[in-house]
Amino acid sequence: ILGGFSMGGGMAMHLAYRFHRDLAGVFALSSFLNKDSAVYQALKTNESVLPELFQCHGTADELVFCSWGEETNKMLKSLGVSTSLHTFPNLNHELSRNEIEKLKTWIVKKLPVEAAKTN
């Protein structure tokens, strides 16, 4: 699994969907891709199984607008990525406990059973 917050989430999406499509999943928190992103271009010719995307975004984010995250989610979904987008009312460009708990639950489901037993 690869992921990050803000620009780190954008980088994770680039790495996963352009170069490492064998990942179990990608998470992007308060992140987005530009409208003409190289990720979209790479996925237009994709025929392989893609990592699932887990996205979270605060609706009050004034640095990376929630609408940008929603647009990224919609575009990736249209290109064959299985996505989930969780929005958090009144959350700015920051993390919340609820968001981290949702992410933890998703990661635990994505990790192989053997890895979960050793951690």
Q) Quick one: V39 ticks every box in (1) within 12 Å of the chain's Cα centre (by Cα); (2) surrounded by 15 or more Cβ atoms within 10 Å (Cβ to Cβ); (3) of a type in the set (A, V, I, L, M) bar one, so which box is it? A) (1)
Q: Inspect all residues belonging to region 91-110 and state whether any of them is free of Cβ contacts under 8 Å to residues at least 60 places away in the same chain, under 15 Å from L2 (Cα atoms) and in contact with a Phe, Trp or Tyr (Cβ under 8 Å, 6 or more places away or on another chain).
A: no
Q) So, in region 61-95, of the ones that are within 12 Å of the chain's Cα centre (by Cα) and part of a loop (DSSP other than H, G, I, E, B), which residue ends up surrounded by the most Cβ atoms within 10 Å (Cβ to Cβ)? A) V81
Q: Please identify the pairs in which a residue from region 22-37 that is farther than 21 Å from E62 by Cα and part of a loop (DSSP other than H, G, I, E, B) has its Cβ atom under 8 Å from the Cβ atom of a residue that is of a type in the set (K, R) and at pLDDT below 95, counting only partners at least 6 apart or on another chain.
A: A24/K110
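The values are calculated or read from the model by the stated rules, or taken from the named source; none is laboratory data. As the structure is a prediction and not an experimental result, all values here were calculated from the model. Backbone-built Cβ (ideal geometry, glycine too); neighbour counts: all protein chains shown.
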